[in-house]
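A short write-up of the structure that comes next.
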């Protein structure tokens, strides 16, 4: 059995979302300089929004508030998925790892949000 999450950093979903952000930052370093204030900025902001909203939702009192922030994170993840498509189509990247991470984070977000809406358990997502 898992122990209760004491902070957002204990959440597996946050850990994987943070790994996604780090990979987005790493990969966008190789984008053309002309994209620094365009695609790179948008992609990084959307990526950062995912774990940031997980963190913000962690301390919300009600399940509905927690779920709302997780849903915002899901929206930011979808935005990132579009940037992955665009980046690939522009031949800036061909990075399967980002796709796999986005899928993993999406599944974790969906599961965590669903669990919050159906339970008041404080042990969700804690890593032992």
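Hey, does region 46-59 have a residue that's part of a loop (DSSP other than H, G, I, E, B) and surrounded by fewer than 20 Cβ atoms within 10 Å (Cβ to Cβ)? Yes, because at least one residue in region 46-59 is part of a loop (DSSP other than H, G, I, E, B) and surrounded by fewer than 20 Cβ atoms within 10 Å (Cβ to Cβ). Inspect region 88-97 for any residue being crowded, with 18+ Cβ neighbours inside 10 Å, free of Cβ contacts under 8 Å to residues at least 60 places away in the same chain and within 18 Å of the chain's Cα centre (by Cα) and give the result as yes or no. Within region 88-97, not a single residue is crowded, with 18+ Cβ neighbours inside 10 Å, free of Cβ contacts under 8 Å to residues at least 60 places away in the same chain and within 18 Å of the chain's Cα centre (by Cα). Residues that are more than 15 Å from the chain's Cα centre (by Cα), outside any helix (DSSP H, G or I), surrounded by 15 or more Cβ atoms within 10 Å (Cβ to Cβ) and modelled with pLDDT under 95 are absent from region 24-36. Selection over region 80-106 of residues that are assigned to a helix (DSSP H, G or I) and in contact with a helix residue (DSSP H, G or I) (Cβ under 8 Å, 6 or more places away or on another chain) gives a count of 14.
The condition (being free of Cβ contacts under 8 Å to residues at least 24 places away in the same chain and either in contact with a strand residue (DSSP E or B) (Cβ under 6 Å, 6 or more places away or on another chain) or closer than 15 Å to residue 8 by Cα (or both)) is satisfied by just one residue among 73, 67, 52, 115: 52.
The values are calculated or read from the model by the stated rules, or taken from the named source; none is laboratory data. What you are looking at is a predicted structure, and each value in this text was computed from that prediction instead of being measured. Glycine also receives a Cβ, built like all others from the backbone with ideal geometry; neighbour counts cover every protein chain displayed.
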